[in-house]
1. Looking at (1) modelled with pLDDT under 95; (2) touching a helix residue (DSSP H, G or I) at 6+ places or on another chain (Cβ under 7 Å); (3) buried (at least 18 other Cβ atoms within 10 Å of the Cβ); (4) not acidic (Asp, Glu), find the lone condition where Val400 falls short.
2. Thr476 versus (1) of a type in the set (Ser, Thr, Tyr); (2) part of a strand (DSSP E or B); (3) under 26 Å from the mean Cα position of the chain (by Cα): which is the lone unmet condition?
3. Count, please, the residues in the stretch 201-226 that happen to be within 11 Å of ligand 1 (Cβ to nearest atom) and part of a helix (DSSP H, G or I).
4. Would you be able to tell me the number of residues in the stretch 260-315 that are more than 16 Å from ligand 1 (Cβ to nearest atom), of a type outside the set (D, E, K, R) and either part of a loop (DSSP other than H, G, I, E, B) or modelled with pLDDT under 95 (or both)?
5. Can you find a residue that is over 21 Å from Glu492 (Cβ atoms) and free of Cβ contacts under 8 Å to residues at least 60 places away in the same chain anywhere in the stretch 430-448?
6. Can you confirm whether the stretch 479-491 contains a residue that is within 12 Å of ligand 1 (Cβ to nearest atom) and either touching a residue at least 40 places away in the same chain (Cβ under 8 Å) or surrounded by 12 or more Cβ atoms within 10 Å (Cβ to Cβ) (or both)?
7. Considering only the stretch 435-484, state which residues are farther than 11 Å from Leu419 by Cα and among the aromatic types (Phe, Trp, Tyr).
8. Please go through (1) touching a strand residue (DSSP E or B) at 6+ places or on another chain (Cβ under 8 Å); (2) farther than 27 Å from Arg161 by Cα for Gly76 and return the number of the only condition it doesn't satisfy.
Amino acid sequence: MAAEAQLFLRAAVHGTRTAIRSGGNEYSYDDLLRASARVAARLLDAVDDLAEARVAFLVPPGFAYSAVQWGIWRAGGIAVPLATSHPIPELAYTIADADTTVAVADDAHVSDVRAAAAAHGCAVWSLSELMTDAAAVPASLPPLHAERRAMILYTSGTTSRPKGVVTTHGGLEAQIRTLVDAWAWHADDHILCVLPLHHVHGIVNVLGCAQWSGARCTVHPTFDADATWDAIAAGDLTLFMAVPTIYTKLITAWRAAPPARRAELSAACARMRLMVSGSAALPVSTLAEWRDISGHTLLERYGMTEIGMALSNPLHGERRPGHVGTPLPGVDVRLVDEQGERVQDGTPGEIEVRGPGVFREYWRRPDATRDAFRAGGWFRTGDVAVIDSGYYRILGRSSVDIIKTGGYKVSALEIEEVLRTHPGIRECAVVGVPDDEWGERVAAAIVGDTAALDAAMLRTWAKSQLAPYKVPTRVTFVRELPRNAMGKVTKEDVKQLFA
Ligand code: MLC
Ligand code: AMP
């Protein structure tokens, strides 16, 4: 890679084309380059290169988000996006775990970020301080070689607290290039972004691919079904990408609309070239309902924070319901048994992935990084699949403690650990229970002081500690948790409590 990363060299060529529409305004690639150069200048202050310092930023999806993300990269820093929905304890955890040097927040969130950063003691900048016109743009910015760390995304797993997934500039570029190639992105594309920008789905698949291609991205700060339909009805989108829960919510809103509006919305969908679903299993019934409404057979693909996208149904050719397709260009995928031996076609196995898009490490967790890989550089996803006449079909996960709700991955162990800090809770067990809208819902069985605590109080308290999507939406109080002869809580029996 050249000194200036490809993304920015390409942006200079895209120049006056619209990069982002947000908050009722349009911004060109030149605008992004200018604003991000100013951000880089402010961050660099008296040094030439941030040299992989972690810059955490809490900026709602929109132009400023991209200006700050690019500014961090151009200054040589590692971008650590924070989630606008997170309460202070979650923000504080990320800021401390990433060993953040500088945190940035838009003016609405700056006091939360100051509170979250207080114990760690890093500098905090408001967006208005950072994006001032007065910043002198440096004559040269540091070189961004492919192997330099670019981003840390926090992901929940089988450990109790989220881990930072470190991706390099070269890794991000590989993740983007494979999708641009497979889904034939081009400069005349126009995509709507309704996804949060602290996960790969929004960051890489939507924003990253659009910006690489010189395409337009209309960005909504959060998902709203009616606003999404309005944007689709406006008629000039070519692409849409979302998690299955969003398609379910759009189906509900379409059904609630009068017949003439429904016809208008369906016609607008039919003018688009591609609609994609991922981050969680797309129920075949949702695929069929969406086909009836939009005329599109959703292209389902499979990915993960640690690898970007690995498997995809084809742009042209059969999109098989209930399947996630075949390996994307440049990505090696295999299914193995517990010993790491490849399984025969038709036999279930764990998905392992190798390729230039695979992450570099879990931030400052060498043991977790080592355990995540097998010899030969194969990353162990923990997802189990089978190959059915050439197409992969996801069967489930190897750990019962990982829950996917609304496309977010959450750890049952992490939620249990937080719940146990409540004085009214003696014991608890968290599980994912199947749900038509959310894929899975977070459910908690609690042994505690029911005279002093009810489900509503518990949820209110949990929202002050945990991201909203980790807060149990189903709560039951029990006298004791189901256990096996060894005294271990049996999660399958806990699930039955919510059946
Ligand atoms: C919000 N709530 C949730 C929730 N999200 N509850 C359970 N599970 C979730 N995921 C809560 C809200 O706090 C609220 O609680 C209530 O549910 C109703 O909220 P809503 O307004 O209906 O939902 P909304 O806030 O609009 O969120 C829905 C959503 C969101 C689908 C838009 O969950 C979302 O943006 N999901 C996408 C996540 C994503 O990008 N994943 C990609 C990870 S990367 P109350 O109590 O206030 O009423 C990855 C790799 C890959 O997976 O392959 O892509
Ligand atoms: P995350 O860790 O948030 O990046 O989530 C990645 C996980 O989402 C994967 O390990 C899978 O379990 C799940 N996932 C992503 N896409 C799909 C899909 N199309 N079908 C089923 N599960 C999926």
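1. (3)
2. With (1) of a type in the set (Ser, Thr, Tyr); (2) part of a strand (DSSP E or B); (3) under 26 Å from the mean Cα position of the chain (by Cα) applied to Thr476, the lone miss is (3).
3. Qualifying residue count, the stretch 201-226: 7.
4. Within the stretch 260-315, residues that are more than 16 Å from ligand 1 (Cβ to nearest atom), of a type outside the set (D, E, K, R) and either part of a loop (DSSP other than H, G, I, E, B) or modelled with pLDDT under 95 (or both) number 6.
5. Yes, the stretch 430-448 contains a residue that is over 21 Å from Glu492 (Cβ atoms) and free of Cβ contacts under 8 Å to residues at least 60 places away in the same chain.
6. Residues of the stretch 479-491 that are within 12 Å of ligand 1 (Cβ to nearest atom), as a first pass: none.
Looking for residues that are within 12 Å of ligand 1 (Cβ to nearest atom) and either touching a residue at least 40 places away in the same chain (Cβ under 8 Å) or surrounded by 12 or more Cβ atoms within 10 Å (Cβ to Cβ) (or both), one finds none in the stretch 479-491, hence no.
7. Trp438, Tyr469, Phe477 - these are the residues of the stretch 435-484 that are farther than 11 Å from Leu419 by Cα and among the aromatic types (Phe, Trp, Tyr).
8. Of everything listed in (1) touching a strand residue (DSSP E or B) at 6+ places or on another chain (Cβ under 8 Å); (2) farther than 27 Å from Arg161 by Cα, Gly76 misses just condition (1).
The values are calculated or read from the model by the stated rules, or taken from the named source; none is laboratory data. Please read all numbers here as calculations on a predicted model, not as lab measurements. In this analysis, Cβ positions are derived from the backbone assuming ideal geometry, glycine residues included, and neighbour counts consider all displayed protein chains.
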